[in-house]
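Visitor: The structure's right below; bear with me while I get my questions together.
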Amino acid sequence: MSELTPPKEQAQVGTFAAYTGQLMQRTSRVHFNVGQEIVVTTEDKVWRILTNHLSRIEKRDAWITPLGILITLLVVFATTSFQQFLFSAETWEAIFVIAVWLSLFWFVRCLWQSKGSASIADFAKSLWQGRGPTVDDVVNDIKKTAIAAEIPYVEGAQVLFYDQFDTFIGWSKYDEGGVSQSTEFYHAGTHSLKKHSNNDPNGGFKEIGRSIGLGIAFSGCMYRPTKQGGGQANRLAIEDRHFNGHGFAVDNDKNTVCIERRDGGQRTRIGSEAALDSPLLDQWYRFEFYMRRGGEFGLEFHSHSGEKLVEIAAVLDSKYTEFDRVAVHGGFPYYIDELRIRTL
């Protein structure tokens, strides 16, 4: 019997396959039928993709609750003789009739919406059977999360949040503010987010989908057209459900940037302002907001070509350490794109 020799480190795939074949032949009977398209990704990317489809998944069984209520009401209506108690018997009968019709409407509406829904199993099955979201759809979603930023990527970092706004899901207004999907200006893809009404602290927010702590970097692209509309400051932050957190501001009147703390949505500047050499108007630029463990915050701005425009190296504030949403504050109008939160 010849000696089984493993492949060398630099051996080609064919050599490794031959070696593997030798080993398998000596240990088991194997039937090969593995021709397929393989999508290699990471857990956090799949988690975000499934989150984007969560509303469709949740609609699948939404009809069960109104159906249960409807059946209960029908049974009670058919088997009960209404008596006077607080209200007349006729009033009680009318109340039940109205409740039956409302439950029926709710049931029919949920049943109709469930036609476009999908379970996680259906979603996974569609990857190889071609129904619903296709492999291309999923791969494109994954590609969106992997678009390289001009600010260098840190090897080993985990992406916790990403939004390119070509699909506009999960954004809500904060107080009297307004945010919307826009095609007026965009940095990548075909859309951006527009902050379009009412000044700070009004704005919008999107939940990250998990609780995160310090030790993260918040980055993205920002665009402010020549002075118009409301307040002239662009303000973003990472906050908790009470809108406590930390963020930064770009003041387009004073041409300065600063780091801020948010207490119930209200801003307080921490540390000193840093001056810009020229206004950041009518151009896309990148920001990188560092929220390091221990409560040390840093801020950098880069031009579209990658040139560093301004930096705030270190500001200390340890009041808040847990967060679950991205918040858009400040004046209007301005645009943001390619928002990303990653670990440091």
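Visitor: Would you mind checking the pairs K173/K227; K254/K319; K194/K319 and listing those with alpha carbons more than 26 angstrom apart?
Guide: Numbers: K173/K227 23 Å; K254/K319 28 Å; K194/K319 30 Å.
Correct reply: K254/K319; K194/K319.
Visitor: For the range 151-343, rounded, prolate or oblate, judged on the Cα gyration tensor with a ≥ b ≥ c (square roots of eigenvalues), a/c < 1.5 rounded, else prolate if a/b > b/c?
Guide: On the way: a/c = 1.20, a/b = 1.12, b/c = 1.07.
Since a/c stays below 1.5, the shape of the range 151-343 is classed as rounded.
Visitor: Sort V257, V310 by Cβ crowding within 10 Å, fewest neighbours at the top. Could the numbers behind the result be given before it?
Guide: Values: V257 24, V310 20.
By the 10 Å Cβ count, ascending, the order reads V310, V257.
Visitor: Near the amide H of L344, under 5 Å away, which other amide H atoms are found, from residues 5 or more places off or on another chain, if H is placed in the peptide plane?
Guide: When sequence neighbours closer than 5 places are left aside, the close amide H contacts are I216, A217.
Visitor: So what's the gap between the Cα centers of the range 276-344 and the range 177-253, to the nearest angstrom?
Guide: Answer, in whole Å: 10.
Visitor: Quick one: putting +1 on the C-beta of Lys and Arg, -1 on the C-beta of Asp and Glu, what dipole do you get for the range 163-311 around its Cα centre, in Debye to the nearest 20? Working shown, then result.
Guide: Working: 18 positive and 21 negative charges, 50 e Å.
The dipole magnitude comes to about 240 debye.
Visitor: Moving on to the next point. What is the dipole size for the range 263-311, taken about its Cα centre, with +1 at each Lys and Arg Cβ and -1 at each Asp and Glu Cβ, in debye to the nearest 20? List each step's numbers first, then the result.
Guide: Numbers: 6 positive and 9 negative charges, 47 e Å.
Taking the Cα centre of the range 263-311 as origin, the dipole is about 220 debye.
Here, each number is a calculation from the coordinates, and none is a lab measurement. Quick caveat, the model's predicted, so the values are computed rather than measured. Cβ atoms come from the backbone with ideal geometry, glycine included; neighbour counts cover every protein chain shown.
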